[in-house]
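Peer 1: I'd like to ask some things about the structure below.
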Amino acid sequence: MVMKVHGAVLSTAAMRVFATLYEKDLEFEFVPVDMGAGEHKQERFLALNPFGQVPAFEDGDLQLFESRAITQYIAFAYKDKGTPLLCEGKPMATVSVWMEVEAHQFDTAASKLQWELMFKSIFGMATDAAVVEENEAKLSKVLDVYEARLSQSKYMGGDCFTLADLHHLPVLTNLMGTTVKKLFDARPKVSAWAADIMARPAWAKVLAMKNQQ
């Protein structure tokens, strides 16, 4: 059975899952969820994700939600396919640390900036300059840590591309189209890393899905 991803192409969480599947060269069926019509809050979808958020994922009789959990499942279950997005032994501990950093340090500030500087304009809402300023300062501190980390290794988890890098891609790419790009450009190692991971062929396929909508 072909895996199914229920979601929306504009969803950064769904994009993480798409990127992982493309890196693994796996076939999957994309099942669009019309969030504007509230399909993600209807009983049929809530059976897949009780929190009513995208994406939801199916692999045979296995049902999952939470994008980072889904990507880890795919990377473990299909470790012999495509790009090896995880490591064996002790190096995996380092990858896990930076996966946590993305989720709890980078994303908390970056997603708020994405909302203020990108999504609010889509919905005809006004940007809150104070929120932008506050979260730019928070993100700057995180990126200072990243600059130091990337002075030691090519990628966040070590010398190969892993989920610790991939998980950044959706929000990172969106921020590059905003004034926040300056924070990345100001840090040479971070800037080079961002350009490297955004240039991956699998990510180009995700962006092509998004652009077709």
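The values are calculated or read from the model by the stated rules, or taken from the named source; none is laboratory data. Bear in mind the structure is a predicted one, so any value in this text is a computation, not a measurement. Positions of Cβ are backbone-derived with ideal geometry, glycine not excepted, and every protein chain shown enters the neighbour counts. Just so you know, the surface numbers come from the protein's heavy atoms only, side chains and all, with ligands and any DNA or RNA stripped out. Shrake-Rupley method; radii C 1.70, N 1.55, O 1.52, S 1.80 Å.
Peer 1: Mind checking the log10 I(q)/I(0) for region 103-213 at q = 0.10, 0.12 Å⁻¹? Debye, one equal scatterer per Cα, no solvent, two decimals.
Peer 2: Debye curve over Cα of region 103-213, log10 I(q)/I(0) at q = 0.10, 0.12 Å⁻¹: -0.29, -0.42.
Peer 1: Enumerate the calculated ³J(HN,Hα) couplings along region 130-146 in order (Karplus 6.51 cos²θ - 1.76 cosθ + 1.60, θ = phi - 60°), each rounded to whole Hz, writing x wherever the residue is Gly or Pro.
Peer 2: 5, 5, 4, 4, 4, 7, 5, 5, 5, 5, 4, 5, 5, 5, 5, 5, 4
Peer 1: Same structure, new question: Full extension from residue 103 to residue 182: what is 0.36 nm times the residue separation minus their Cα-Cα distance, to one decimal in nm?
Peer 2: The span from residue 103 to residue 182 would gain 26.3 nm if fully extended.
Peer 1: Sticking with this structure for a sec: Considering only Cα-Cα distances, which of the following residue pairs are longer than 19 Å: 141/189; 154/210; 79/189; 181/205; 138/205?
Peer 2: With Cα atoms farther than 19 Å apart: 154/210; 79/189; 181/205; 138/205.
Peer 1: Taking H as built 1.01 Å from N, whose amide H comes closer than 5 Å to the amide H of residue 155, not counting residues under 5 places away?
Peer 2: 160
Peer 1: To the nearest Å, what is the center-to-center distance of region 132-164 and region 15-83, using C-alpha atoms only?
Peer 2: Using only Cα atoms to place each centre, the spacing works out to 26 Å.
Peer 1: Let me ask another. In the full protein assembly as shown, how much of residue 125 is accessible to a 1.4 Å probe, in Å² to the nearest 10?
Peer 2: Per-residue accessible area (residue 125): approximately 90 Å².
Peer 1: Within the chain, what's the longest run with no chymotrypsin sites (Phe, Trp or Tyr not before Pro) in a DSSP loop and at most 11 other beta-carbon atoms within 10 Å? Give the range, please.
Peer 2: By the stated rule (loop sites, at most 11 other Cβ atoms within 10 Å), 124-213.
Peer 1: Considering the Cα trace of the chain, what is its radius of gyration and what is Dmax, both in angstroms?
Peer 2: Using the Cα atoms of the chain, the pair Rg, Dmax is 17.1, 49 Å.
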